[in-house]
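The structure under discussion appears below in the form of structure tokens.
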Amino acid sequence: MTTQSSQSALPTGRRRREEAAQRPIASALPLDGHHVMSINESHERCAALGLSRIGAPDYTPIARSDFAISRERNRRLFAHAAPVMELLFEQIVKTQSMVVLTDAQGTILHSIGDEDFLEKAAKVALAPGVNWAECAKGTNGMGTALIDETAVLVHADEHFMHANHFLTCQAAPILDPRGNILGVLDVSGDRRGYHQHTMGLVKMSARMIENHWLNDDFRDALRLHFHARLEFIGTLMEGILAVDRDGRILGANRSALDLLNMSGAGLRMHTVASLLGTPIGSIVDACRTPLTAPLRVALPSGQAVHVQARCNWPLWQGGWEGTPATGPDASHSAAAATAAAMRAEKPESPAAVEEPAAPAPTFARLQTGDAQIDAVIGKLKRVLNRDIPVLILGEAGSGKEMLARAIHRESRRASQPFLAVQCASVPEALLEAELFGYAEGVFPGARRQGAVGKIVQAWGGTLFLDEIGGLPAGLQARLLRVLQDRRLTPLGAVQPIEVDVALIGATDRNPRELIENHSLREDLYYRLNGLAVRLPPLRERSDLMLLIKQILADECAGAAPSLAPDVAELLVRYDWPGNLRQLAGVLHTAAVMAGNEPRVTREHLSDDFLEDAAQRVAPPSESAAPQPAAARAGAPAAVMAGGGTLEELEREMIRQAVDAADGNISVASKRLGISRNTIYRKLRWNNAV
């Protein structure tokens with residue numbers, strides 16, 4: 001039977017749809033001929049593959065084990081992309097859209113979006129774990145961007161498959177510094193919500209991810225940041241070249257290729273000397289201190305550009321040398337330049353932590369239905385960007401740093417660094433140098449070139465000081481002076497440096513007790529306490545199941561297992577002494593143990609957690625009247641005779657046992673016959689402030 005006779009045998013409606021499928025696409029939007037040609041070529045490829053425009057698409061996700069391998073293989077891509085995706089989504093929120101990340105094969109790794117649109121998208125399997133390569137889903141933003149290796153718009157019926165005609169997709173490939181495709185960043189939404197500016201946001205976000213990747217790839221190389229206009233250095237418009245000690249070009253971002261009008265392969269045939277007309281040694285000498293203005297050089301075309309060098313200077317030149325400028329303006333520019341130079345480097349101390357790899361905390365992400373959390377965030381929104389310091393109170397593990405990161409991301413400082421310092425984890429002798437930095441040769445064993453403190457590294461951004469009660473008294477006085485004067489002087493230095501940083505403090509102890517015990521200066525407390533907010537412990541929150549769902553979704557990327565009824569009951573009735581940190585650890589283990597299984601059972605929980613839960617969660621018939629720990633252990637007569645409630649007497653008895661054991665919790669727990677966790681829980685401060 002001929003093709004013509006086959007088509008004539010089809011029902012009239014279907015025959016018309018098949019005939020329409022063979023006609024070239026006329027774009028529904030006023031776009032250029034190149035776009036229309038690109039869509040038509042994509043349709044021809046799809047037809048050659050035998051894909052059907054009107055047939056039911058294959059919505060089957062890849063095997064769960066394969067998806068786990070893909071996510072593990074692309075862990076670094078996810079780490080760089082997730083915070084950028086959060087920022088991008090904030091720009092398009094409530095537009096019936098979603099932000100999607102795929103790997104280089106077109107498999108969706110991660111997505112975030114408006115809840116109601118995510119439901120629509122799920123109907124066509126636009127979700128993590130599903131492959132959207134062109135050979136699988138026809139013409140679409142993600143798959144076609146992988147083929148064309150350029151930014152792509154696919155709108156409405158430009159999609160090859162009829163099932164996807166309700167979509168408008170704008171996608172851009174993500175390239176590594178050598179031009180290889182890492183994946184695709186895409187914004188997909190309802191066709192009626194198309195906006196021409198979305199493509200610009202997608203392209204900028206893709207370039208942001210690429211720049212993060214390049215800085216990470218070549219953190220020990222010299223990176224040359226350049227642009228024809230001086231004010232564009234430090235923005236997404238700047239070109240970045242990574243070079244080695246011999247001046248050979250190792251990689252570049254796309255802005256560099258655009259500014260130089262070269263391909264990646266063509267660029268790597270150059271050296272710094274042939275491209276910029278200046279030997280690498282001259283650039284290093286000119287830019288070895290962050291106080292130096294960008295160098296002006298000429299490209300082979302004759303165009304002048306400004307160049308600023310950044311690198312791990314001790315590896316290149318033995319550190320910054322030269323005499324610092326003087327005067328208030330000079331100290332301001334010195335601090336800003338120093339901070340900018342440090343941002344591309346990894347923090348060298350375990351006490352300082354850069355932006356997290358997981359989905360970035362935002363106010364919206366933290367609000368999962370608990371009234372107390374909603375009240376806290378409502379207060380914070382009122383003082384945001386008002387230069388009012390925030391003090392976060394709450395038990396260990398209750399999410400203080402997560403809230404601090406959310407405050408930073410919601411503020412106008414979001415594009416600048418966030419640095420966290422755990423004051424109690426850094427030895428007292430090093431904490432001052434850690435925070436304030438030090439000049440060259442201040443003390444034996446110090447780095448020859450000196451070091452920049454965390455306060456300066458956080459220039460323009462936010463510094464989070466956790467456990468402020470762990471700051472030594474002398475250091476508290478210095479910090480108070482910095483907060484009042486907005487200037488600091490590094491150890492051993494003479495010239496003060498201007499400071500521009502938002503400070504967030506936190507503690508899991510009662511600040512009044514810290515002041516009474518002389519662990520916290522009262523004047524520093526009032527300087528930090530512009531607004532004090534208390535995070536409730538997990539056992540007091542009403543959104544536990546929603547939190548569990550959110551954490552499992554993050555762990556499993558859309559393929560999260562459910563909880564067996566007995567496991568759900570156990571998690572709800574457990575009192576979580578470790579709060580959110582403990583909950584996240586338990587669920588991470590459970591998700592890994594569950595593997596491909598659809599439900600988390602007791603077998604997937606760690607033995608340590610089950611043993612602790614057996615002690616802390618009584619059967620329903622017994623939970624109404626638990627026996628106090630003091631009564632079980634036999635409280636000393638002196639304690640029982642002291643009056644007060646049974647709970648107070650019990651707490652005092654435990655304190656005495658801990659004191660008698662010289663603070664050794666393990667010894668005290670054995671003497672009392674109760675678990676170490678019970679001691680921690682009973683003695684933890686949990687009074688509302």
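Here, each number is a calculation from the coordinates, and none is a lab measurement. All figures in this text were calculated on a predicted structure; none of them were measured in a lab. Because the Cβ atoms are built from the backbone with ideal geometry, glycine has one as well, and the counts that use them run over all protein chains shown.
In this label model, Lys379 and Ala477 are separated by 3.2 nm, measuring between points 7 Å along each Cα→Cβ vector. Packing order of peptides 462-468, 652-658, highest average first: 462-468, 652-658 (average count of other Cβ atoms within 10 Å over each peptide's residues). Residue pairs exceeding 32 angstrom between C-alpha atoms, taken from Lys120/Lys549; Lys120/Lys203; Lys123/Lys379; Lys381/Lys454; Lys137/Lys381; Lys137/Lys400: Lys123/Lys379; Lys137/Lys381; Lys137/Lys400. Full extension of the segment from Thr235 to Val592, taken as 0.36 nm per residue of separation minus the current Cα-Cα distance, would add 124.5 nm. When each of the peptides 232-239, 38-45 is scored by how many other beta carbons lie within 10 Å of its residues on average, the order from highest to lowest is 38-45, 232-239. Indicate the gyration tensor shape class of region 210-307 (rounded, prolate or oblate), computed on the Cα atoms with a ≥ b ≥ c the square roots of the eigenvalues: a/c under 1.5 is rounded; otherwise a/b larger than b/c is prolate and the rest oblate. It is rounded, given that a/c, with a ≥ b ≥ c, falls under 1.5.
Judged by the gyration tensor of its Cα atoms, with axes a ≥ b ≥ c, region 538-616 is oblate; a/c meets the 1.5 cut and b/c is at least as large as a/b. As a rough guide to protection, the peptides 517-528, 200-211 ranked by mean Cβ packing within 10 Å, highest first, stand as 200-211, 517-528.
Counting only Cβ charges, +1 for Lys and Arg and -1 for Asp and Glu, the dipole size of region 538-616 around its Cα centre is about 220 debye. Seen through its C-alpha gyration tensor, with square-root eigenvalues sorted a ≥ b ≥ c, region 64-213 comes out rounded because a/c lies under 1.5. Full extension of the chain between Glu522 and Ala568 gives 12.1 nm of extra length, using 0.36 nm per residue less the Cα-Cα distance.
Note on Gln105 and Arg581: the extension gain reaches 167.9 nm, defined as 0.36 nm multiplied by sequence separation minus the Cα-Cα distance.
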